[in-house]
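Peer 1: I have a structure I would like to understand better, so I am pasting it below and will then ask my questions one at a time.
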Amino acid sequence: MLKITRALVMATALSGSVLSTGFVTEAMAAEGERREATIMVSGEGEATVAPDMAVISLAVVRDAETAAEALSANSAAMAEVLADLKGQGIADKDLQTTDFSVQPKYKQETRTDGTYEAPVIVGYTVSNGLTVRVRDLSKLGAIIDRSVKLGVNQGGGISFTNDDPEATVEAARKQAVEKAAAKAKTLTDAAGVKLGRIVEISENFARPMPQMYAAAPMAKMADESVPIASGENLYTVTVNITYAIEQ
């Protein structure tokens, strides 16, 4: 009797396994039948806008025999530069100290036999960098000119950007969608099928690389007016759209 019971249990389990396997196979087949045909296209949109803000990098560098003397001279010059910038309407939030450093200066003598003496400290260099955001581009040339005359003697890199480029990005985005939709219609018309609903849509957007302009040597800039050409910023948006193809 025990053997019969076991056989029945095994038979029942096997039957359930077969039924289960058949059910999974049918489900997979049904899933395959439900999977809709799709087409994926992409479109790229571009829009330009004149920059409304400049970011400039300036630095005051001073040398002296002692670190304290170099720091004092540097701090005095930078204080004048900061006061003048604020006097020209630059807000505190648009001024940021960067890359401050105090470095020893070494000298190494050569012996008569060609070997070297141990290096000795002969002075110190203090560098104090300043990043300035200029929101009134008409003042940019004068700001650079005055900063150099007040003691800035390094830096001068300029990048032009936009404080709020969203409207320009939106224009590029709409253009990208229109191009993608037009491409999808062209492809489906050529293939003799009908374009269906949008299954998925995504975009890729990267801010344009800042336009960098290397400044002329600081000594030269102090004696000349500074001409500035800001040009335009190009914003690009790429849109990827997946459409269903109606059967």
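Peer 1: Assigned to a strand (DSSP E or B) and more than 32 Å from the chain's Cα centre (by Cα): which single residue out of Gly129, Gly123 fits that description?
Peer 2: Gly123
Peer 1: What is the one condition in (1) outside the structural domain of Lys93 (by TED's automatic domain parsing); (2) in a strand (DSSP E or B) that Glu178 does not satisfy?
Peer 2: Single failed check for Glu178: (2).
Peer 1: Determine whether Glu44 is in contact with a strand residue (DSSP E or B) (Cβ under 8 Å, 6 or more places away or on another chain), modelled with pLDDT of 95 or more and in the same structural domain as Ala176 (by TED's automatic domain parsing).
Peer 2: When the stated conditions are applied, Glu44 passes them.
Peer 1: Sort out which residues of the stretch 115-137 are among the β-branched types (Val, Ile, Thr) and surrounded by 15 or more Cβ atoms within 10 Å (Cβ to Cβ), and write them in order of number.
Peer 2: Thr125, Val126, Thr131, Val132, Val134 - these are the residues of the stretch 115-137 that are among the β-branched types (Val, Ile, Thr) and surrounded by 15 or more Cβ atoms within 10 Å (Cβ to Cβ).
One line per residue, one yes/no per condition, for (1) in a strand (DSSP E or B); (2) among the hydroxyl-bearing types (Ser, Thr, Tyr):
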site: Thr112; (1), (2): no, yes
site: Ala118; (1), (2): no, no
site: Arg133; (1), (2): yes, no
site: Val148; (1), (2): no, no
site: Ser159; (1), (2): yes, yes
site: Asp163; (1), (2): no, no
site: Thr168; (1), (2): no, yes
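Peer 1: State which residue is surrounded by the fewest Cβ atoms within 10 Å (Cβ to Cβ) when the search covers only the stretch 69-114 and only residues that are at negative phi and acidic (Asp, Glu).
Peer 2: Checked the stretch 69-114; the qualifying residue surrounded by the fewest Cβ atoms within 10 Å (Cβ to Cβ) is Asp113.
Peer 1: Scan the stretch 109-150 residue by residue and report those that are under 24 Å from Ala67 (Cβ atoms) and either touching an Asp or Glu at 6+ places or on another chain (Cβ under 6 Å) or not assigned by TED's automatic domain parsing to the domain that holds Leu71 (or both).
Peer 2: Glu109, Glu117, Gly123, Thr125, Gly129, Leu150
Peer 1: Kindly provide the set of residues from the stretch 175-197 that are surrounded by 14 or more Cβ atoms within 10 Å (Cβ to Cβ) and over 18 Å from Gln247 (Cβ atoms), ordered by number.
Peer 2: Gln175, Ala176, Val177, Lys179, Ala180, Ala181, Lys183 - these are the residues of the stretch 175-197 that are surrounded by 14 or more Cβ atoms within 10 Å (Cβ to Cβ) and over 18 Å from Gln247 (Cβ atoms).
Peer 1: Still on this structure: Of the residues Ala64, Ala70, which is of a type outside the set (S, T, N, Q) and under 25 Å from Ile144 (Cα atoms)?
Peer 2: The conditions single out Ala70.
Peer 1: Check Val60, Val24, Val55 and return the single one that is in contact with a Pro (Cβ under 8 Å, 6 or more places away or on another chain) and either at pLDDT below 95 or of a type outside the set (Ser, Thr, Tyr) (or both).
Peer 2: Exactly one residue qualifies, and that residue is Val55.
Peer 1: Is at least one residue of the stretch 60-67 outside the structural domain of Ile198 (by TED's automatic domain parsing) and in a helix (DSSP H, G or I)?
Peer 2: Checking the stretch 60-67: at least one residue is outside the structural domain of Ile198 (by TED's automatic domain parsing) and in a helix (DSSP H, G or I).
Peer 1: Here's something else I'd like to know. So is Gln154 within 16 Å of Thr98 (Cα to Cα) and out of contact with any Phe, Trp or Tyr (no Cβ under 7 Å at 6 or more places or on another chain) or not?
Peer 2: Here the answer is yes, as Gln154 does meet what is asked.
Peer 1: Just checking, does the stretch 132-153 include any residue being under 15 Å from Ala47 (Cβ atoms) and among the acidic types (Asp, Glu)?
Peer 2: No - not one qualifying residue is present in the stretch 132-153.
The values are calculated or read from the model by the stated rules, or taken from the named source; none is laboratory data. Nothing here was measured: the structure is a model prediction, and the numbers come from that model. Here the Cβ is made from the backbone with ideal geometry for all residues, glycine too, and neighbour counts use every protein chain on show.
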